[in-house]
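The values are calculated or read from the model by the stated rules, or taken from the named source; none is laboratory data. Quick caveat, the model's predicted, so the values are computed rather than measured. Counting neighbours? That spans all protein chains shown, and the Cβs are built from the backbone with ideal geometry, glycine included. When the accessible area is computed, the model is the full protein with side chains, heavy atoms only, and any ligands, DNA or RNA have been set aside. Shrake-Rupley method; radii C 1.70, N 1.55, O 1.52, S 1.80 Å.
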Amino acid sequence: MRLLFAAALVAVFGSVSGCGSPVAGAQIAVQEENPDLAAAFARLLDEQGTAELGDIIASAGVPIGEWDQMFSVRSPISDESVNKKLGTQGVRLTGLNTSSDSLVQVFLNEGKVVYAYKDEFPRYSVAQGHAEPDSLVSPKSHVVKDLGGERTAWYLEIEGIR
């Protein structure tokens, strides 16, 4: 009888607390960009190297903790649009830039937002979908036409997963 009662309590508590479902009503303060992370990306670009995103973040010592997905979010953006993109419910990102050219990197762990930061220029965004710790970060180039002619511009692209 006690075992049955304990099982019933666990079932009720689990459904009330929302275990296993997206976080509802969470407010996440968007952090300023970590200078060590910006330097780690810049170093990779200078070296024309390729690395896994999780290794870059770990080497920079960013206090994210455990994470399994990273999304690039352009702002301004509504809370509703953020939740739709992230697959969450009720998440509010506070401290978003209001300019039309700003970018925020949002990290999730098991469907819950655990960290977000303002990605200042130069930005390193996910090509499409979301990135994971083992997503490759690789140098890419394109030709830019300037007043003095054409030049090759390099940037880093983070492999996206749909």
Inset, instruction - Counting only residues that are open to solvent by less than 20 Å² (accessible area, probe 1.4 Å) and under 17 Å from residue 158 (Cα atoms), give me the strands (runs of 3 or more DSSP E) lying completely in the stretch 67-124 with at least 1 of them. - result: 69-75, 102-109, 112-119
Legend entry - Subset of the stretch 94-137 (residues that are of a type in the set (Ser, Thr, Tyr) and closer than 15 Å to residue 161 by Cα): 125, 135
Legend entry - Residues within the stretch 33-51 that are open to solvent by 50 Å² or more (accessible area, probe 1.4 Å) and in contact with a Ser or Thr (Cβ under 7 Å, 6 or more places away or on another chain), tallied: 1
Inset, instruction - Output the residues belonging to the stretch 52-66 that are outside any loop (DSSP other than H, G, I, E, B) and open to solvent by less than 70 Å² (accessible area, probe 1.4 Å). - result: 53, 54, 56, 57, 60
Inset, instruction - Identify all residues within the stretch 125-134 that are in contact with a strand residue (DSSP E or B) (Cβ under 8 Å, 6 or more places away or on another chain) and open to solvent by 60 Å² or more (accessible area, probe 1.4 Å); write none if there are none. - result: 134
Inset, instruction - Using the structure shown, decide if residue 1 is at pLDDT 95 or above and either open to solvent by 90 Å² or more (accessible area, probe 1.4 Å) or within 13 Å of the chain's Cα centre (by Cα) (or both). - result: no
